[in-house]
1. Can you name the residue in region 231-255 that is within 12 Å of the ligand (Cβ to nearest atom) and outside any helix (DSSP H, G or I) and, of all such residues, is surrounded by the fewest Cβ atoms within 10 Å (Cβ to Cβ)?
2. Can you tell me which residue among A164, A156, A180 is farther than 29 Å from D225 by Cα and small (G, A, S)?
3. Are any of the residues in region 169-184 surrounded by fewer than 20 Cβ atoms within 10 Å (Cβ to Cβ) and β-branched (V, I, T)?
4. Only one residue in T90, T21, T78, T25 is closer than 25 Å to G139 by Cα, out of contact with any Leu (no Cβ under 9 Å at 6 or more places or on another chain) and modelled with pLDDT of 95 or more, so which one is that?
5. Given the criteria under 13 Å from the mean Cα position of the chain (by Cα) and modelled with pLDDT under 95, does L203 qualify?
6. In this structure, is L177 within 21 Å of V146 (Cβ to Cβ) and either within 16 Å of the ligand (Cβ to nearest atom) or in contact with an Asp or Glu (Cβ under 7 Å, 6 or more places away or on another chain) (or both)?
7. Say we look at region 194-222 and pick out the residues that are within 11 Å of the ligand (Cβ to nearest atom) and among the hydrophobic types (A, V, I, L, M, F, W, C); which of these is surrounded by the fewest Cβ atoms within 10 Å (Cβ to Cβ)?
Amino acid sequence: MTAPSALPGPHASALDLGGRTALVTGAANGIGRACALRLAAAGAKVRAVDRDADGLEALAGQSQGLAGTVEPVLLDLTDLDAAEQAAAGTDVLVNNAGLQMVRPLEEFPPEVFHTVLTVMLEAPFRLIRGALPHMYGQGWGRVVNVSSVHGLRASAFKSAYVAAKHGLEGLSKTAALEGAPHGVTSNCVNPAYVRTALVEKQLADQARAHGIPPQRVLTEILLRDSAVKRLIEPEEVAEAVAYLCTPQAAFITGTSLTLDGGWTAH
Ligand SMILES: NC(=O)c1ccc[n+]([C@@H]2O[C@H](COP(=O)([O-])OP(=O)(O)OC[C@H]3O[C@@H](n4cnc5c(N)ncnc54)[C@H](O)[C@@H]3O)[C@@H](O)[C@H]2O)c1
């Protein structure tokens, strides 16, 4: 008997990950937390990787009663060797951890640029590298990269983030080509602005960079290009990630699934 899900509403995808191991990075908050809970609800044994110990503890509490389990893994992904090792033996890999800084190029701190590229591009490479031997060995695996509209479009003042996400798109497509003969798919999901701490934290930054009051950032900056005028919820992103792990999605690889309210339709 399947335990009830902790998430609101019915799941769109009938996903059974019983007996599978999934690794989700950035699992302590936001989209990563929703993904970890969704995959655990599908029966997976989820390795929840994050550097936020309190968030991981809260996640473990929220996962009680699900069909699968959540194992907290306290890890800073700038430790690339440890990241690669953590991915060994996983059937499903969700590269999700990320961070943002909004600053004009000429003021952008080089050390932050380096960290953003390390966590959001180099760590996914190392995690995929660590996960593939097991996936190839069994002839099945799913890599889902949480990219962004900013993997497909640029916005001013987000040089590191846009560069990292565009790089992640290329990494994902390459993994798709190499993984196909081994039953491994690799895809991106590309949300517009999601209701998470990452967005809340950048309101002040955006206001400063654009020279407008923080209360005008949501409508004038964040939702300006979206035809659907609301933030997307983390659970909606997690459902797309779950869909890409279903048997019905086996032919979908090397693609970028936009969840952007029509932003890239412009
Ligand atoms: N929030 C949005 O609007 C939005 C839109 C499109 C894409 N995304 C992407 O979704 C992903 C998740 O974002 P979110 O909005 O849930 O953010 P969030 O800030 O709520 O969560 C990000 C998580 O990543 C973790 N993390 C950051 N650096 C880390 C490191 N060095 N080691 C380990 N963990 C680390 C944080 O601790 C946090 O738990 C990111 O890749 C982000 O770029 C977010």
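1. Looking at residues that are within 12 Å of the ligand (Cβ to nearest atom) and outside any helix (DSSP H, G or I), I get E233.
2. Numbers: A164 fails: farther than 29 Å from D225 by Cα; A156 fails: farther than 29 Å from D225 by Cα.
One residue alone meets the criteria, A180.
3. Scanning region 169-184 turns up at least one residue that is surrounded by fewer than 20 Cβ atoms within 10 Å (Cβ to Cβ) and β-branched (V, I, T).
4. It is T21.
5. Against the criterion (under 13 Å from the mean Cα position of the chain (by Cα) and modelled with pLDDT under 95), L203 does not qualify.
6. Spelling it out, it is not the case that L177 is within 21 Å of V146 (Cβ to Cβ) and either within 16 Å of the ligand (Cβ to nearest atom) or in contact with an Asp or Glu (Cβ under 7 Å, 6 or more places away or on another chain) (or both).
7. The qualifying residue surrounded by the fewest Cβ atoms within 10 Å (Cβ to Cβ) is A197.
Residue-wise test of (1) farther than 25 Å from V143 by Cα; (2) modelled with pLDDT of 95 or more; (3) among the charged types (D, E, K, R).
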residue: A163; (1), (2), (3): no, yes, no
residue: A180; (1), (2), (3): no, yes, no
residue: N187; (1), (2), (3): no, yes, no
residue: T196; (1), (2), (3): no, no, no
residue: V199; (1), (2), (3): no, no, no
residue: T219; (1), (2), (3): yes, no, no
residue: T246; (1), (2), (3): no, yes, no
residue: T253; (1), (2), (3): no, yes, no
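The values are calculated or read from the model by the stated rules, or taken from the named source; none is laboratory data. No experiment lies behind these values; they were computed from the predicted model shown. We place every Cβ from the backbone using ideal geometry, glycine too, and count neighbours over all the protein chains shown.
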